[in-house]
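Here the structure is laid out as structure tokens; the discussion comes afterwards.
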Amino acid sequence: MNTIIKIRRSILSTLFILLVLLVSELGLSSCAQDLEIRQNFPFEISVMPVPKDIAKDEYVEIRIKILPEGNFADTQYHLRYFQFEGTGKLQYYNTQPYFPNDSYRLFEREFRLYYTSTSEVSQSFTVWIYDSFGNEKKIDFQFNSKNGNREVSSLAF
């Protein structure tokens, strides 16, 4: 009788150890999979309305806000622009004016640009804002000359 009890205890001990090993394997194998962290979040751009007309040596404040769908702390945003009609200067606050087609890092997601007209004709330029993952948004600006040409001005994304 003692032998039967010892055999049962041995079988139960073995089953218990196998059950603990099985539960441990299932628990540990689910942790072994790599955790996927999303870094690339598309974004939208919000631009406050700007005047339609501008005179020579007058400036316009352009308020821009970057609205990402998610938040990854290491995302960097950059700006570049190209003026294809008229002449003027685009700059951030009181920094040196930007050079066309050069890339400038944006340190804030909400900022103001200042465009100063240096000509007496209508002016058009495009601003591109892009992030470190290749997402890009294009903003077109057109200003009519206050001194004459009265075409319709536009702002397009």
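In the stretch 51-63, what residues are of a type outside the set (Asp, Glu) and over 16 Å from Tyr93 (Cα atoms)?
Correct list: Pro51, Lys52, Ile54, Ala55, Lys56.
Please enumerate the residues belonging to the stretch 53-99 that are open to solvent by 40 Å² or more (accessible area, probe 1.4 Å), at pLDDT 90 or above and under 21 Å from the mean Cα position of the chain (by Cα).
Residues satisfying the conditions are Arg63, Lys65, Leu67, Gln76, Arg80, Phe82, Tyr92.
Any residue at all in the stretch 125-141 that is modelled with pLDDT of 90 or more, open to solvent by less than 70 Å² (accessible area, probe 1.4 Å) and among the small types (Gly, Ala, Ser)?
For the stretch 125-141, residues modelled with pLDDT of 90 or more, open to solvent by less than 70 Å² (accessible area, probe 1.4 Å) and among the small types (Gly, Ala, Ser): absent.
Phe157 versus (1) at pLDDT below 85; (2) over 21 Å from the mean Cα position of the chain (by Cα); (3) open to solvent by 50 Å² or more (accessible area, probe 1.4 Å): which is the lone unmet condition?
(2)
I'm checking my understanding of the structure. Among residues of the stretch 102-111 that are in contact with a strand residue (DSSP E or B) (Cβ under 8 Å, 6 or more places away or on another chain) and open to solvent by 90 Å² or more (accessible area, probe 1.4 Å), which one is farthest from Phe141 (Cα to Cα)?
Here the residue is Arg105.
The values are calculated or read from the model by the stated rules, or taken from the named source; none is laboratory data. Nothing here was measured: the structure is a model prediction, and the numbers come from that model. Reconstructed Cβ throughout: ideal geometry from the backbone, glycine too, with neighbour counts over all protein chains shown. For the accessible areas, the whole protein counts, side chains as well, though only heavy atoms, and no ligand, DNA or RNA atoms are used. Shrake-Rupley method; radii C 1.70, N 1.55, O 1.52, S 1.80 Å.
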